[in-house]
Amino acid sequence: KEVEKSLVFLGLVGMIDPPRGEAYAAVETCMKAGIIPIMITGDHPVTARAIAKRLGIMNENEQIITGRDMEMLEPAHFSNLLSSVRVFARVSPEDKIRIVAVLKEKGHIVAMTGDGVNDAPALKKADIGVAMGITGTDVSKEASDIILRDDNFATIVKAIYEGRVIYDNIRKFIRYMLSTNSGEILTMFFALMVGMPLPLLPIQILWVNLVTDSFPALALGVEPGERDVMNRPPRNPDEGIFARGLWQHIVWVGILISLGTLGVMVWGLKYDDIDHARSMAFFTLAGFQMFHVLAIRSERESIFTLGLFSNKSLLGAVIATFLLQLMITYIPVLQGIFKTAPLTGTELLVCIIVSFSVFVAVETEKAYFRKKKAGTGLL
């Protein structure tokens, strides 16, 4: 009363803390990727609704639950509501822990963001606690698994993208290495079973493992992300690395490589020159691996959609490997080391055509599954 007197009312000033510009696209990307953004705030429900609607987290008709509402809800009812509610307002630290716990019970993988001391228990409870690196308190940083250096939600979405790309590339690496190595093993095994001469000598097996396996496999590790990476639903956390047809692919490709290699060797044995026939089998096996690695750059898309030059490291590795294989086939000094014999143009063409069959087979497999998914509405 002593201070506020003789004042003249001039008007009201309203303030808003708007979302960052990139947050809109980040939330939209989450929706496409099957990630559910949930807003948990201590702000008033009206404020929370305004921001959530602007970001696209909720629409006009969706419900907001407050901390007081949560206290009045039965556990079973609250668990059912979590399937549809996307905004929680006026919540306490205990409410945040309850939300995280129920989401985890429903089988979700929960990432929780926070910056204050009262966020620390929920950050600890979540599968992945993400603390703010700029505004976050030391307590929240200690309780978290990840510290976000720029306090930007869009950075989390970018990290999810990178994680999906890395997982894809690990599967591609496994697909390539196990398929080609199973092909080598089955080639030797089938040859011994039918009484054929050894298709490969130890020095040749060493060459395959050190050269034709290594460089292309390493180049697969830098394969760019596919265009639909963030349009796929999250994978089942209980899913094994060999799921979604990976082990079947390894088996049938291994059999194809072995039968093709042995078939070429049988054709080459008509010369009654074991070194000649073995050289053809050796070149065919290397060719199988190079064409296979080109075909498996994506589990879904054709290489013609990806573009031959979109992974220049892999293309360079394949070309270099082919050139090295030609060198040990035709340079006399290297022939003595690797026990190879020069191939005629016809024989070289036969080796390339037979090994190219794996490229055609894998592309056909991908086309079949693309058509199947499109027919079921999954693509």
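Helix 345-376 and the long axis of the chain differ in direction by around 30°, with both axes built from C-alpha atoms. Once the Cβ-Cβ distance of Arg370 and Asp145 is raised to the sixth power relative to R0 = 35 Å, the FRET efficiency obtained is 0.45. For helix 45-55, what angle does its Cα long axis make with the longest principal axis of the chain, in degrees from 0 to 90 and rounded to 10? For 45-55 against the chain, the angle is about 30 degrees. Based on protein heavy atoms only, the chain ends up with 54 Å² per residue of surface accessible to a 1.4 Å probe. Taking 20 Å as the straight-line reach from the Cα of Lys371, the aspartates and glutamates in range (excluding those fewer than 8 positions away in the same chain) are Glu226, Asp228, Glu299, Glu301, Glu363. Ordering Ser279, Leu256, Asn61 by the projection of their Cα atoms onto the charge dipole of the chain, which places +1 on the Cβ of Lys and Arg and -1 on the Cβ of Asp and Glu, puts Leu256 at the extreme positive end. Of the residues Pro19, Val110, Leu82, the one whose Cα sits farthest toward the positive end of the charge dipole of region 11-132, with +1 on the Cβ of Lys and Arg and -1 on the Cβ of Asp and Glu, is Val110. Applying a DSSP loop filter and a limit of 13 other Cβ atoms within 10 Å to the trypsin sites (Lys or Arg not before Pro) in region 93-146 leaves Lys106. Label-to-label distance, Glu105 versus Leu81, with points set 7 angstrom from Cα along the beta-carbon direction: 1.4 nm. Between helix 246-268 and the chain there is an angle of about 20 degrees, using the helix long axis and the longest principal axis of the Cα atoms. Between the alpha-carbon centers of region 197-227 and region 27-78, tell me the distance in whole angstrom. Between the Cα centres of region 197-227 and region 27-78 lies a distance of 51 Å.
Here the gap between Glu28 and Phe356, fully extended at 0.36 nm per residue and compared with their Cα-Cα distance, gives a gain of 113.9 nm.
The amide H of Ile40, built 1.01 Å from its N in the peptide plane, has Phe88 as neighbours under 5 Å, considering only residues 5 or more places off or on other chains. Listed by chain and number, the lysines whose alpha-carbon sits under 23 Å from that of Lys53, ignoring those within fewer than 8 places in the same chain, are Lys32, Lys96, Lys158. The Rg/Rh ratio of the chain, with both radii computed over alpha carbons and Rh defined as the Kirkwood radius, is 1.19.
The values are calculated or read from the model by the stated rules, or taken from the named source; none is laboratory data. This one's a predicted model, so the numbers in the text were calculated from it and none came from an experiment. In this analysis, Cβ positions are derived from the backbone assuming ideal geometry, glycine residues included, and neighbour counts consider all displayed protein chains. In case anyone asks, the SASA skips ligands and DNA or RNA and just uses the protein heavy atoms, side chains included. Shrake-Rupley method; radii C 1.70, N 1.55, O 1.52, S 1.80 Å.
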